[in-house]
Amino acid sequence: MLLDPSFVLNLVILSGILSIVFAFVTGKQILSASSGNARMQEIAGAIQIGARAYLNRQYKTIAIVGVVVLIAVIYLFSAWVGLGYFIGAFLSGIAGYAGMLISVQANVRTAEASRKSLAEGLRISFKSGALTGMLVAGLALLAIAVYYLILLELKINEREISNALVALGFGASLISIFARLGGGIFTKGADVGADLVGKVEAGIPEDDPRNPAVIADNVGDNVGDCAGMAADLFETYAVTIVATMVLASIFFSGNLNMLIYPLAIAGSCLITSIIGTYFVRLGAKKSIMGALYKGFIVSAVLSLAILYPVTEHVVGLTKVYKVGAISFTGLKLYYCGVIGLVITGLLIWVTEYYTSTAYNPVKSIAKSSTTGRRLR
């Protein structure tokens with residue numbers, strides 16, 4: 001039996017709220033951890049001040065561009081499309097700023113926890129990453145689901161809804177481009193400056209806090225790799241869901257269940273991801289990747305289990321859908337989800353193989369770097 005689309009949307013919204021609650025609780029746990037000695041707090045404070053100053057200045061510049069684009073969107077399309085663009089841009093900015101605030105608080109606590117044990121360092125660092133991930137994913141899911149539900153309740157026509165959702169993704173993309181690229185350029189400039197002046201001219205060791213450029217480099221890491229990545233994650237997550245919904249509206253016009261199916265998948269997998277975070281624990285071998293694999297495997301298995309009933313009750317496992325001369329069932333859509341999870345696992349393994357010091361590619365590069373000669 002297929003569930004009512006409005007009921008499914010409410011469940012999706014509930015899962016988004018649950019994700020944000022998880023982030024809030026995890027954030028309190030991180031902030032309750034020790035922030036280290038006075039010297040550590042002094043260095044962390046300088047980085048935090050710099051990160052806030054940079055991001056505030058960057059967002060002021062982005063806001064000018066964003067407002068100009070907003071006016072153009074409203075003029076060329078409609079107020080609903082403009083509102084979608086504003087929601088995407090605003091929440092992407094919030095995601096980036098939240099990512100920065102979390103990282104600058106978690107960094108010093110991770111350093112202090114790592115002084116105690118590897119397990120403690122992993123616990124704090126992974127929780128901070130999970131906090132950002134769940135907060136950003138929850139915000140993106142809520143933005144799309146709530147706005148889509150509002151548009152449905154107001155009886156806005158399907159084409160206008162598609163335009164509004166596309167604008168939401170476009171707004172998120174605009175902010176993430178500035179945050180990601182701007183922070184990356186800043187940190188590379190600071191890094192080169194720190195090396196040239198600090199190491200070459202002044203003889204100060206690399207990453208020594210006595211070198212102001214080192215603080216600037218760490219500021220850049222926070223705003224580029226943390227704030228920028230959070231905004232980028234929001235954009236990627238939102239755009240992926242919006243793209244599938246728009247495709248569904250094109251090929252299955254009027255079928256709300258097919259449009260809501262991507263949201264249902266995202267909402268259910270958010271819950272399985274939250275559960276998976278509690279299984280990231282160091283084993284006897286003290287392998288960090290091993291701990292991360294535990295969380296991934298649990299999340300993947302639970303996702304496989306939950307996607308089956310989600311597919312059954314949202315689009316129907318045996319129901320036949322046609323697009324031109326092509327026909328398929330809901331079960332084949334479920335198989336696509338299975339393939340996606342398998343490919344994700346392979347991507348993780350391949351990435352580890354080519355970047356881990358435990359495997360030959362990195363070992364061969366390390367050996368060749370000692371002589372300058374390529375080793376066969």
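The values are calculated or read from the model by the stated rules, or taken from the named source; none is laboratory data. Please read these numbers as outputs of a predicted model, since none were measured by experiment. A quick note on method: Cβ atoms are made from the backbone with ideal geometry, for glycine too, and the neighbour counts reach across all protein chains shown. These accessible areas exclude ligands, DNA and RNA; they are computed on the full protein's heavy atoms, side chains included. Shrake-Rupley method; radii C 1.70, N 1.55, O 1.52, S 1.80 Å.
State the extension gain, in nm to one decimal, for the chain segment bounded by SER117 and ARG210, taking 0.36 nm per residue of separation less the distance between their alpha-carbons.
Values: separation 93, 0.36 × 93 = 33.48 nm, distance 2.71 nm.
That pair, SER117 and ARG210, stretches by 30.8 nm at full extension.
Averaged per residue, what accessible area in Å² does segment 21-63 show with a 1.4 Å probe, protein chains only? Spell out each step's value before the answer.
Working: 2420 Å² over 43 residues.
With all protein chains present, segment 21-63 gives 56 Å² per residue.
Lys and Arg at +1, Asp and Glu at -1: add these up for the other residues within a Cβ distance under 13 Å of LEU333 and post the number. Intermediate results must be reported in sequence, preceding the final value.
Numbers: positive: LYS319, LYS332; negative: GLU312.
Net charge around LEU333: +1.
Taking the alpha-carbon centroid of each part, what is the distance from segment 208-285 to segment 98-157 in angstrom?
A separation of 9 Å, based on Cα centres.
Keeping all protein chains in place, calculate the accessible area per residue for segment 89-221 (probe 1.4 angstrom), answer in Å². Show your work: numbers first, answer last.
On the way: 5740 Å² over 133 residues.
Accessible area per residue, segment 89-221: 43 Å².
Taking amide hydrogens as modeled 1.01 Å from N in the peptide plane, which residues meet the under 5 Å criterion relative to VAL315, leaving out close sequence neighbours?
Amide H to amide H, under 5 Å and 5 or more residues apart or across chains, VAL315 pairs with nothing.
By Kyte-Doolittle mean hydropathy of at least 1.0 and Cα axial length of at least 27 Å, which whole DSSP H helices of the chain are selected?
Values: long enough: 5-31 (39 Å, 1.76); 38-76 (55 Å, 0.97); 79-116 (55 Å, 0.66); 118-153 (51 Å, 1.49); 158-193 (53 Å, 0.73); 228-251 (34 Å, 1.50); 256-277 (32 Å, 1.61); 288-314 (38 Å, 1.40); 330-355 (38 Å, 1.17).
Correct list, ordered by number: 5-31, 118-153, 228-251, 256-277, 288-314, 330-355.
How charged is the neighbourhood of THR311? Take every other residue with its Cβ under 14 Å from the Cβ of THR311, and add Lys/Arg as +1 and Asp/Glu as -1.
Working: positive: LYS319, LYS332; negative: GLU312.
Charge balance in the 14 Å sphere: +1.
Taking 1 over the mean of 1/r across every pair of different Cα atoms in the chain, what Kirkwood radius in Å do you get?
Details: mean 1/r = 0.0438 Å⁻¹.
For the chain, inverting the mean 1/r across all distinct Cα pairs yields 22.9 Å.
Debye sum, Cα scatterers, segment 97-214, no solvent: what log₁₀ I/I(0) at q = 0.13, 0.18, 0.21 1/Å?
-0.78, -1.06, -1.16
With a/c under 1.5 counting as rounded, go ahead and sort segment 9-122 into rounded, prolate or oblate using the C-alpha gyration tensor (a ≥ b ≥ c being the square roots of the eigenvalues; past the cut-off, prolate if a/b is larger than b/c, else oblate).
Values: a/c = 4.94, a/b = 1.71, b/c = 2.88.
Oblate, since a/c reaches 1.5 and b/c is not below a/b.
Starting from the Kirkwood radius over alpha-carbon pairs of segment 208-260, derive D by Stokes-Einstein at 10 °C in a medium of 1.306 mPa s and give it in µm² s⁻¹. Intermediate results must be reported in sequence, preceding the final value.
Values: Rh = 13.9 Å.
Rounded to a whole number, D works out at 115 µm²/s.
Give me the percent of the accessible area of segment 326-376 that comes from carbon and sulfur atoms, probe 1.4 Å, all protein chains in place. Write down the numbers at each step before the final one.
Numbers: 2560 of 3940 Å².
Exposed carbon and sulfur together represent 65 percent of the surface.
Quick one: pull the percent of accessible area on segment 39-106 belonging to carbon and sulfur, 1.4 Å probe, ligands and nucleic acids left out.
Numbers: 2610 of 3410 Å².
Of all accessible area on segment 39-106, carbon and sulfur atoms account for 77 percent.
Under a 1.4 Å probe, what is the accessible area of segment 311-372 per residue, stated in Å²? Could you put the intermediate results ahead of the total?
Details: 4120 Å² over 62 residues.
Roughly 66 Å² per residue, with all protein chains present.
State the extension gain, in nm to one decimal, for the chain segment bounded by LYS319 and TRP349, taking 0.36 nm per residue of separation less the distance between their alpha-carbons.
On the way: separation 30, 0.36 × 30 = 10.80 nm, distance 3.55 nm.
Residue separation times 0.36 nm, minus the Cα-Cα distance, leaves 7.3 nm.
Per-residue counts of other Cβ atoms within 10 Å, averaged by peptide: what ranking do you get for 304-314, 82-92, 248-258, 354-364, highest first?
Highest to lowest by the protection proxy: 82-92, 304-314, 248-258, 354-364.
Accessible area of segment 156-244 with a 1.4 Å probe: how many percent of it is carbon plus sulfur? The partial results should precede the final answer.
Details: 2610 of 4030 Å².
Exposed carbon and sulfur together represent 65 percent of the surface.
Computed FRET efficiency, Cβ-Cβ of ILE250 and LYS367, R0 41 Å: what is it to the nearest 0.05?
On the way: r = 53 Å, r/R0 = 1.30.
That pair, ILE250 with LYS367, gives E of 0.15.
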